[in-house]
Amino acid sequence: MAREQEDETIRELLRKNPKGLTIEEVSKKLSLNRATAAKYLNAFVLTGQAEMRMLGSAKLFSLTQRV
């Protein structure tokens, strides 16, 4: 149950920030451990729910716009 709730809160946060967020930004805004935030964001990328792009050495995550 907690995992589904965290999934939805991260999705909502990414929805509110269409330009993307880094792992650090997500972890700070949701008071999550960086490793936990990275796990969720990477899972979103693997399932096609989010896109990741590199900005320097940072990874920016945003929701997928494809249908």
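Throughout, read-outs are computed from the coordinates displayed, never taken from laboratory work. All values reported here derive from a predicted model rather than from experimental measurement. Note that we place each Cβ from the backbone using ideal geometry, even for glycine, and neighbour counts take in every protein chain shown.
Structure above, values below:
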{"quantity": "Separation in nanometres of the label points that stand 7 Å from Cα toward Cβ, at GLN49 and SER31", "calculated": "2.2"}
{"quantity": "Charge dipole (the chain, unit charges on Cβ, about Cα centre) - positive-most of LEU55, ALA43, LEU21", "calculated": "LEU55"}
{"quantity": "For the chain, calculated [θ]222 nm from helices alone, where every DSSP H run of n ≥ 4 adds -39500 (n - 2.57)", "calculated": "-16500 deg cm²/dmol"}
{"quantity": "Nearby lysines by direct alpha-carbon distance to LYS19 (threshold 18 angstrom, same-chain neighbours under 8 apart not counted)", "calculated": "LYS28, LYS29, LYS59"}
{"quantity": "Dipole magnitude of the chain about its Cα centre (Cβ charges: Lys, Arg +1; Asp, Glu -1), debye to nearest 20", "calculated": "220"}
{"quantity": "Relative contact order (%) - criterion: Cα under 8 Å, at least six apart; region: the chain", "calculated": "34"}
{"quantity": "Filtered trypsin sites (Lys or Arg not before Pro), the chain: DSSP coil and at most 14 other beta carbons within 10 Å", "calculated": "LYS19, ARG66"}
{"quantity": "In sequence order, calculated HN-Hα J values of the stretch 47-55 (Karplus, 6.51, -1.76, 1.60; Hz; x Gly/Pro)", "calculated": "8, x, 7, 9, 10, 10, 9, 8, 10"}
